[in-house]
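The structure that follows is given in the form of structure tokens.
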């Protein structure tokens with residue numbers, strides 16, 4: 001779409017425009033290159049996994065759509081991921097769920113998973129030079145069909161899930177040791193009640209005790225970081241969720257796990273962007289699951305909307321890049337799944353770059369001086385500054401298709417590969 005001369009000339013013009021405000025465009029691109037987005041594997045196969053690919057999703061998880069080309073095997077999923085990563089600038093990570101194990105045709109239950117079941121993922125990640133994150137899978141299982149896992153009143157079932165989470169932490173440690181990049185192992189549970197419970201405290205007491213047992217063995221944070229993810233409500237747990245924001249915020253402040261905040265896991269009038277600065281004075285690190293809720297936690301592909309930009313600004317303006325782990329969490333089966341990864345991840349990177357091209361220190365000075373008029377005028381003007389020219393050049397530098405040129409490769413891959421999956 002754009003030739004080399006146009007990309008370079010546009011970039012030089014943009015560079016000069018930003019320089020008038022003291023913004024170092026090259027520094028912004030260098031800063032962006034250091035950020036690894038943790039791209040989620042479950043977009044590629046509609047959260048089926050390989051434990052039992054024909055199984056039904058439970059635990060408040062749903063996908064909609066039947067676009068052709070869903071990955072059916074780990075090899076197909078890795079091929080799709082290769083295609084997606086080839087269209088995204090920078091070096092990133094892959095976020096795996098436990099159900100994406102490779103068990104060589106022999107059923108392995110959740111409390112029996114081991115690092116060996118993920119050795120192919122590690123070898124693939126080594127070849128690509130990327131890191132891996134991990135998640136125990138506490139849904140879509142007969143022992144979670146009643147909606148309870150770590151809070152289950154039946155100790156035998158609760159112990160099953162505790163063991164699953166313990167083993168998941170060891171797999172995260174394995175990833176960290178093998179790949180030389182810290183793995184984040186994130187725990188999310190669907191536990192809750194459809195209607196108003198009488199005992200709200202009991203499940204939360206059991207959850208705390210379960211988490212204490214899961215994390216009792218200390219793992220070097222160089223290899224693995226534990227995270228806990230809250231939710232406001234879910235399908236089948238509309239009235240009460242044991243793992244609420246307040247519960248996990250308290251647990252993270254008192255213990256080692258880092259807090260995970262998912263953009264779709266709060267009341268529709270709440271936004272994650274406003275919560276980042278609220279928790280960072282008390283927590284060393286946080287994990288974000290960036291998604292796009294449409295009236296509820298519907299996990300739409302992220303677009304470059306106001307909230308995504310606000311999330312990026314709340315990471316960049318205070319310089320939190322080293323303290324915020326950015327993961328993505330959306331799954332759309334109504335469009336090309338590889339394109340969904342590419343569109344969403346590129347949008348996250350665009351938002352971060354746009355935030356890095358802002359003269360933040362000058363705007364802070366205006367704010368401290370009470371010059372709110374200039375602050376408003378300039379923040380609005382910078383929304384339409386030529387950041388796109390810098391983004392195009394960044395892609396060009398990284399030998400990544402510029403603008404929507406990546407679509408040509410998406411359609412070729414669909415015709416050659418995805419359409420042959422029946």
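Quick note: the coordinates plus some simple rules give every number you see, no bench work behind them. All values derive from a computational prediction rather than experimental measurement. Glycine gets a Cβ as well: all are built from the backbone with ideal geometry, and neighbour counts include every protein chain shown.
Cα atoms only, the stretch 147-218: Rg and Dmax in Å?
That works out to 14.3, 47 Å for Rg and Dmax.
Something else now. So for the pair residue 416, residue 156, with labels modelled 7 Å out along Cα→Cβ, what separation do we get in nm?
Label at residue 416, label at residue 156, 5.3 nm between them.
I've got another one for you. Rounding to the nearest 10 and keeping the result within 0 to 90°, find how far the Cα-based axis of helix 4-19 lies from the longest principal axis of the chain.
90 degrees
Can you tell me the relative contact order of the chain? Whole percent, Cα pairs under 8 Å, sequence separation 6 or more.
That works out to 21 percent.
Here is a further query. Within a 10 angstrom radius of the beta carbon, how do 169, 337 rank from fewest other beta carbons to most?
Listed from fewest to most nearby Cβ atoms, that is 169, 337.
Would the stretch 264-418 count as rounded, prolate or oblate if I go by the C-alpha gyration tensor, calling it rounded below 1.5 in a/c and otherwise prolate when a/b exceeds b/c, oblate otherwise? The partial results should precede the final answer.
Numbers: a/c = 2.18, a/b = 1.42, b/c = 1.53.
Oblate is the answer for the stretch 264-418, as a/c is 1.5 or above yet b/c matches or exceeds a/b.
Using alpha-carbon positions, what is the distance between the centroids of the stretch 158-201 and the stretch 80-97, in Å?
About 24 Å separates the Cα centre of the stretch 158-201 from the one of the stretch 80-97.
For the chain, report the % of Cα-Cα distances exceeding 26 Å.
Tail of the P(r) past 26 Å holds 56 percent of the pairs.
Report the extension gain between residue 235 and residue 142 in nm, rounded to one decimal, defined as 0.36 nm multiplied by the number of residues separating them, less their alpha carbon distance.
Contour length minus the Cα-Cα distance gives 31.8 nm.
For the chain, take the longest principal axis of its alpha carbons; what is the angle in degrees between that and the long axis of helix 119-128, to the nearest 10 within 0 to 90?
10 degrees
Right, something else. Given a 10 angstrom Cα cut-off, can you work out which residue in 262, 322, 191 is the most mobile in a GNM of the chain?
322
Counting only DSSP beta bridges with both residues in the chain, tell me the antiparallel percent, nearest 5. List each step's numbers first, then the result.
On the way: 4 of 31 bridges.
Beta bridges within the chain, antiparallel portion: roughly 15 percent.
Which of 10, 291 has the fewest other C-beta atoms within 10 Å, and how do the rest follow up to the most?
Least crowded to most crowded, the residues run 10, 291.
Something else: Multiply the residue gap between residue 24 and residue 194 by 0.36 nm, knock off their C-alpha separation, and tell me the result in nm, one decimal place.
55.9 nm
To the nearest 0.05, how large is the calculated FRET efficiency for residue 374 and residue 403 if R₀ is 35 Å and r is the Cβ-Cβ distance?
0.60
Which residue, 394, 67, 248, tops the fluctuation ranking in a GNM of the chain built on C-alpha contacts under 10 Å?
67
Just order 145-151, 299-305, 41-47 by mean Cβ neighbour count inside 10 Å, highest at the front, would you? Each step should come with its number before you reach the end.
On the way: 145-151: 21.7, 299-305: 17.9, 41-47: 24.1.
Listed from highest to lowest mean packing, they are 41-47, 145-151, 299-305.
Given 0.36 nm per residue, what is the gain on full extension from residue 201 to residue 270 after removing their alpha carbon distance, in nm?
Working it through step by step, the gained length comes to 22.4 nm.
A further question on this structure: Return the distance in nm (one decimal) between the two label points of a simple spin-label model at residue 364 and residue 112, each offset 7 Å from Cα along Cα→Cβ.
Rounded to a tenth, the inter-label distance reads 5.5 nm.
Enter the angle in degrees (range 0 to 90, nearest 10) between the Cα long axis of helix 306-316 and the first principal axis of the Cα atoms of the chain, meaning the one along which they spread out most.
The two axes meet at around 90 degrees.
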